[in-house]
Amino acid sequence: MEAEKKPPAVSDVGAWAMNVVSSVGIIMANKQLMSSSGYAFAFATTLTGFHFTVTALVGWISNATGYSVSKHVPLWELVWFSLVANTSITGMNLSLMLNSVGFYQISKLSMIPVVCLMEWVLNSKHYTTKVISAVVVVAAGVGICTVTDVEVNAKGFLCACVAVFCTSLQQITIGSFQKKYNIGSFELLSKTAPIQAISLIILGPFVDYYLNGRSLLNYNFSGGATFFILLSCSLAVFCNMSQYLCIGRFSATSFQVLGHMKTVCVLILGWILFDSALTVKNIMGMLLAVMGMVVYSWAVEAEKKAATPIPRNKSDMLDGEDVPLKARVSGLPTVDLEEGEMKS
């Protein structure tokens with residue numbers, strides 16, 4: 001008799017809710033921290049280094065207290081993954097600096113088809129027409145919500161391409177590593193976070209200086225700024241953890257599609273908290289995006305049910321192909337399990 005599987009500590013809905021709430025929360029906190037009307041902390045790459053430092057600290061405490069178990073993952077794979085992830089972060093920041101906000105949003109939307117293509121190439125994953133249609137609807141809806149002016153230049157386009165490729169590859173690798181090394185989401189995050197933290201803390205200030213010409217050493221860390229940095233770092237722990245959790249349980253494509261719910265939430269909260277404009281175009285785009293997410297969830301669930309083998313009834317269990325090999329030898333009787341009688 002097989003041992004019962006231990007139920008997951010966080011349900012599927014809980015994992016998605018954690019990701020949406022923490023992601024939206026960190027965007028709101030960073031908006032207050034980094035905007036000129038807030039605390040003008042214009043060091044996004046260094047802030048990400050702070051995020052991974054706190055995440056690494058939480059992972060170390062978890063391992064030390066026995067809450068999580070450390071499993072072996074080759075160091076070279078962790079370094080390779082961290083390099084891809086850090087290139088993704090730097091590329092996104094450079095893309096935002098060099099391109100218009102409209103083109104930056106388009107580049108983020110392009111991650112959905114890129115992830116689909118990479119999963120097909122790397123993992124031989126195929127998608128039904130329903131899933132592809134839902135993805136198109138979501139991308140169209142979010143595009144209507146967010147894309148306004150579109151300006152692009154050669155450097156900005158190159159940075160956007162690098163960012164999209166590395167982000168897509170990073171998200172696919174998270175799922176692959178969890179399956180390959182049979183490692184949990186938080187355990188994997190605990191291994192990658194220290195490497196990313198060290199590299200971003202060292203290189204982050206130089207990248208930020210190139211982006212905005214300001215030095216971290218000259219920044220005035222007031223009490224309010226410090227509070228929002230700590231709040232941002234705390235939310236980042238849950239954001240990173242839930243990202244690894246969602247991708248490990250579902251797929252990078254699902255994470256991208258349903259993750260656009262965060263874009264809708266950010267637009268609504270921006271309207272409520274920061275008096276951002278919310279036009280009819282935004283509302284129609286949000287409704288279209290939500291409809292696409294609902295259709296995508298239904299299509300994926302239908303695909304799973306179609307792939308599930310239908311169990312056969314008891315009368316089929318004694319067909320020749322299911323009878324034990326020893327009982328299939330010519331001339332030997334078989335036993336009727338239900339009646340306990342011998343049959344020739």
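Magnitude of the charge dipole for region 10-305, about its Cα centre and with charges confined to Cβ atoms of Lys, Arg (+1) and Asp, Glu (-1), is about 360 debye. Across region 10-305, Cα-Cα distances exceeding 27 Å account for 41% of all pairs. At the residue level, LYS179 shows approximately 150 square angstrom of accessible surface with a 1.4 angstrom probe and all protein chains present. Looking at the calculated P(r) for region 179-298, what percent of the C-alpha pair distances fall above 25 Å? Of all Cα-Cα pairs in region 179-298, 50 percent lie more than 25 Å apart. Rolled with a 1.4 Å probe across the full set of protein chains, the surface gives LYS125 an accessible area near 70 Å². For region 4-86, chymotrypsin sites (Phe, Trp or Tyr not before Pro) are listed when DSSP marks them as loop and at most 16 other Cβ atoms sit within 10 Å of their Cβ; the list is TYR67. Sparse packing (at most 11 other Cβ atoms within 10 Å of the Cβ) combined with a DSSP loop state is found for the following chymotrypsin sites (Phe, Trp or Tyr not before Pro) in region 169-267: PHE221. MET92 contributes about 30 Å² of solvent-accessible surface, heavy atoms of the protein only, 1.4 Å probe.
Counting only protein heavy atoms and a probe of 1.4 Å, the accessible surface of region 40-175 is 74% carbon and sulfur.
Protein heavy-atom accessible surface, 1.4 Å probe, per residue over region 10-305: 48 Å². Each of VAL138, VAL13, VAL162 has its accessible area taken with a 1.4 Å probe; listed largest first, they run VAL13, VAL162, VAL138. Subtracting the Cα-Cα distance of SER133 and SER70 from their residue separation scaled by 0.36 nm leaves 18.6 nm. Sorting LEU188, LEU211 by accessible area puts them as LEU211, LEU188; the probe is 1.4 Å, largest comes first, and only protein heavy atoms count. Here each label is just a point 7 Å from Cα along the line to Cβ, and for SER222 and TRP298 those points are 5.1 nm apart.
The values are calculated or read from the model by the stated rules, or taken from the named source; none is laboratory data. Note that this is a predicted model, so its numbers are computed, not measured. Heads up, the Cβs are rebuilt from the backbone with ideal geometry, glycines too, and the neighbour counts pull from every protein chain shown. When the accessible area is computed, the model is the full protein with side chains, heavy atoms only, and any ligands, DNA or RNA have been set aside. Shrake-Rupley method; radii C 1.70, N 1.55, O 1.52, S 1.80 Å.
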